[in-house]
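Visitor: Mind having a look at this structure? Questions to follow.
The values are calculated or read from the model by the stated rules, or taken from the named source; none is laboratory data. Just so it is clear, the structure is predicted and the values come from calculations on it, not from any experiment. Glycine gets a Cβ as well: all are built from the backbone with ideal geometry, and neighbour counts include every protein chain shown. Remember, those area values only see protein heavy atoms, side chains included, never the ligands or the DNA or RNA. Shrake-Rupley method; radii C 1.70, N 1.55, O 1.52, S 1.80 Å.
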Amino acid sequence: MQTLSKGEINLQHDELKKILQSFGIVKIDQAINNAIIEVIVHHLKTDLVTFESESISDLGQHQTQAGAIRGLIFLAIEEPEFIFRFHSMLTLKIQHAEHWLKFLDHKQKLPSIIKFRLVQYLSA
């Protein structure tokens, strides 16, 4: 996924709004909204329209990309400190696998395969 134009970014925000509505959420804090877009769309190279992601792939038979992406978004809403810390670690350009493992390992709601793929992508 390349750098997005303003129109493409607006489309991603619109899709995030639809995903939130599917969770029964009408409105979230703008900072959380922006952090989700920054982390999931920009850094993890995810398209919320197609649910395709460069960072979350090859998940095996029991997990889909769409399910994994929706799970990350739900976790970000349920635990805002997760998405803010994730953003901080990306901003600091932390690439050591052990730091990412330690951070993600505390998130019991994330399946191991997703943690593994994220660590693999972020520490490359």
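Visitor: In debye, nearest 20: dipole of the chain around its Cα centre with unit charges on the Cβ of K, R (+) and D, E (-)? Don't jump to the answer; show the numbers that get you there.
Guide: Values: 13 positive and 14 negative charges, 28 e Å.
Dipole of the chain, to the nearest 20 debye: 140 debye.
Visitor: Right, here's the next one. Report the FRET efficiency, 1/(1 + (r/R0)^6), for Val49 and Lys27, where r is their Cβ-Cβ distance and R0 is 25 Å, rounded to 0.05.
Guide: With a Förster radius of 25 Å, E is 0.75.
Visitor: Enter the accessible area per residue of the chain (Å², integer; probe 1.4 Å; all protein chains in place).
Guide: Ligands and nucleic acids excluded, the figure is 58 Å² per residue.
Visitor: Which value in nm describes the separation of the simple spin-label points at Phe74 and His13, placed 7 Å from the Cα toward the beta carbon?
Guide: If labels sit at Phe74 and His13, their model points lie 2.6 nm apart.
Visitor: A follow-up question, please. Computed FRET efficiency, Cβ-Cβ of Lys109 and Phe84, R0 22 Å: what is it to the nearest 0.05? Write out the running numbers ahead of the final one.
Guide: On the way: r = 17 Å, r/R0 = 0.77.
Between Lys109 and Phe84 the formula returns 0.85.
Visitor: What percent do you get for the relative contact order of region 7-124 when only Cα pairs under 8 Å and 6+ apart count?
Guide: 24 percent
Visitor: Near Lys109, which aspartates and glutamates are there with a Cα under 15 Å away, not counting those fewer than 8 places off in the same chain?
Guide: Glu78, Glu79, Glu81
Visitor: Could you tell me what % of all Cα pairs in the chain have separations over 23 Å?
Guide: Here the long-distance tail beyond 23 Å is 25 percent of all Cα pairs in the chain.
Visitor: Using amide H atoms built in the peptide plane, which far-off residues or other-chain residues are under 5 Å from Glu52 H to H?
Guide: Amide H neighbours of Glu52: Asp47.
Visitor: Next question, about the same structure. Please give every one of the lysines within straight-line cross-link reach of Lys93, meaning a C-alpha to C-alpha distance under 24 Å, and leave out same-chain neighbours fewer than 8 residues apart.
Guide: Hits, sequence-local ones excluded: Lys45, Lys102, Lys107, Lys115.
Visitor: Something else now. May I ask for the angle, rounded to the nearest 10°, between helix 80-91 and the longest principal axis of the chain, with both axes built from Cα atoms and the value confined to 0 to 90°?
Guide: 70 degrees
Visitor: So, with a 1.4 angstrom probe, what is the percent of accessible area on the chain that is carbon and sulfur?
Guide: Its accessible area is 53 percent carbon and sulfur atoms.
Visitor: I want to check the label-to-label distance for Gln120 and His96. Put each point 7 Å from Cα in the C-beta direction and report it in nm to one decimal.
Guide: Computed distance between label sites Gln120 and His96 equals 2.3 nm.
Visitor: Projected onto the charge dipole of the chain (+1 at Lys/Arg Cβ, -1 at Asp/Glu Cβ, origin at the Cα centre), which of Ser57, Leu11, Gln30 gives the Cα projection farthest towards the positive end?
Guide: Among Ser57, Leu11, Gln30, the one farthest towards the positive end of the dipole of the chain is Gln30.
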